[in-house]
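Chemist: Here you go, one structure.
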Amino acid sequence: MTLLKETIERIQPLDKDTQNEAKNYIDGLIKPIGSLGKLETIAAQIAGITGKVKGNQMKKRGIVVMCADNGIHAEGVAVAGQEVTTLMAHCMAKGVTGVTVFAKEANADCVLVDVGINSDDVIPGMIHKKIAKGTANFAKGPAMSYDDCIKAMEIGIEIVDQMAEEGYDIIGTGELGMANTSSSSCVLVALSDVTMDEAVGKGAGLTDEAHQHKKDVLNKALALNKPNANDPIDVIAKVGGFDIAGLVGVYLACAAHRIPVVVDGFISAAAALAAVKLCPLASDYMITSHCSAEPGFHAMMKALQKEPMLMLDMRLGEGSGCPLAFHIVDTALAMVNEMATFGEAAINNEDFVDIRE
């Protein structure tokens, strides 16, 4: 608990003066005011994080992928067996899954962490921090102990602490684990006013009957465990997963180190929501990537008060949206670093209107 508490205490607000300076500078670039939309918002946010308007570059980037199985799988809420988590983890380590292929194309590293895969395999290329071989079935009781939840969060913090030492400029969040959409749905419902009908999708492809079964199981699990909405650690310990808990630590540590952190899809956003509940200032360091096709994702964004930047009908997870977001962030920073101002171009901008109004 000491590392978690110290990390939260280190999180500071954005540099609002520099962020506002960046907004004014961007308004003075040779374009109609507001015409580059979210690129302008992202660039100003980065300025508030780094404390400088120009010269920001995200050269060293990485995606932390937390891998763990979820015991609720035993209730038949997923289409694939837990062995698929292990097989996919091997493929990730070989660089042939969606996120690893996309990351390579974006010149980003994938930091793969076994925080709870239900296997004895020691997978080359993964960081081995296994707490247990998957969480317990939270339809029967808590998914994990309170202490193990904190341990998983602190693993995420330790990973980012090391990445900060290695000079990473931006970090993405990813996950791998069968049935983790179920855990994420319960975290969302427990931490917001969202209903289970709004939160639960068909995951990797459930039938209508299996979809209803999934919602019934999760509603009963919430009623049984009674997670405390005022304590995100209690929520994740009772109905979450090691992967979600680990990502909470990633978000908090990125904020503490003033490193921009990219939110991927539904599971990644569940961890983001828990992190913001633990420390609201952590939200300022988060950049959302794509709009997941999972039904509950829209509710998750509303709870986070965020908007995704890309609409690609993706729902893979893994962190697959993060490399795409890295490209967008690069573009936003190039706008600030390389575009001319009206003054430099000797263009009179008095007739330009703010198209945001």
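The values are calculated or read from the model by the stated rules, or taken from the named source; none is laboratory data. On a predicted model such as this, the values are computed, not experimentally measured, just so you know. FYI the Cβ positions are ideal-geometry reconstructions off the backbone, even for glycines, and counts take in every protein chain you see. Ligands, DNA and RNA are excluded from the accessible area calculation, which covers all protein heavy atoms including side chains. Shrake-Rupley method; radii C 1.70, N 1.55, O 1.52, S 1.80 Å.
Chemist: With the chain treated as a Gaussian network of Cα nodes joined by springs under 10 Å, which of S145, S268, S182 yields the largest mean-square fluctuation?
Modeler: S145
Chemist: Rank-order 28-36, 233-241, 335-343 by packing density, defined as the average count of other C-beta atoms within 10 Å over each peptide's residues, highest first.
Modeler: 233-241, 28-36, 335-343
Chemist: I would also like to ask the following. Can you tell me the accessible area per residue over the chain, all protein chains present, probe 1.4 angstrom, in square angstrom?
Modeler: 40 Å²
Chemist: Shape verdict for the stretch 1-137, please, from the Cα gyration tensor: rounded (a/c under 1.5), prolate (a/b greater than b/c) or oblate.
Modeler: Prolate.
Chemist: Along the principal axes of its C-alpha atoms, what lengths does the chain span, in descending order and rounded to whole Å?
Modeler: 69, 39, 38
Chemist: Angle check, please: helix 208-225 long axis (alpha carbons) against the longest principal axis of the chain (alpha carbons), in degrees 0 to 90, nearest 10.
Modeler: 80 degrees
Chemist: Another question, then. In the structure shown, do any of K94/K306; K5/K129; K94/K215; K16/K306; K5/K133; K5/K38 have a Cα-Cα gap over 30 Å, and if so which?
Modeler: Violating the 30 Å limit, Cα to Cα: K94/K306; K94/K215; K5/K38.
Chemist: Using a Gaussian network model of the chain whose springs link C-alpha atoms within less than 10 Å, name the residue from G134, G265, G55 with the highest mean-square fluctuation.
Modeler: Looking only at G134, G265, G55, the biggest GNM fluctuation is shown by G55.
Chemist: If a/c stays under 1.5 just call it rounded; otherwise compare a/b with b/c (prolate if a/b is bigger, oblate if not). Do that for the stretch 111-213, with a ≥ b ≥ c from the square roots of the Cα gyration tensor eigenvalues.
Modeler: Note, shape of the stretch 111-213 comes out prolate.
Chemist: Tally up the carbon and sulfur contribution to the accessible surface of the chain as a whole percent, 1.4 Å probe, everything protein left in place. Before the final figure, lay out the partial values.
Modeler: On the way: 7420 of 14400 Å².
C and S atoms contribute 52 percent here.
Chemist: How would you classify the stretch 207-264 from its alpha-carbon gyration tensor, with a ≥ b ≥ c the square roots of the eigenvalues: rounded for a/c under 1.5, else prolate if a/b is greater than b/c, otherwise oblate?
Modeler: Judged from the Cα gyration tensor, the stretch 207-264 comes out oblate (a/c at least 1.5, b/c at or above a/b).
Chemist: In addition: Just want the answer: with Cβ charges of +1 for Lys and Arg and -1 for Asp and Glu, which residue in I49, V65, H298 is farthest toward the dipole's positive end in the chain?
Modeler: Toward the positive end, the furthest listed residue is V65.
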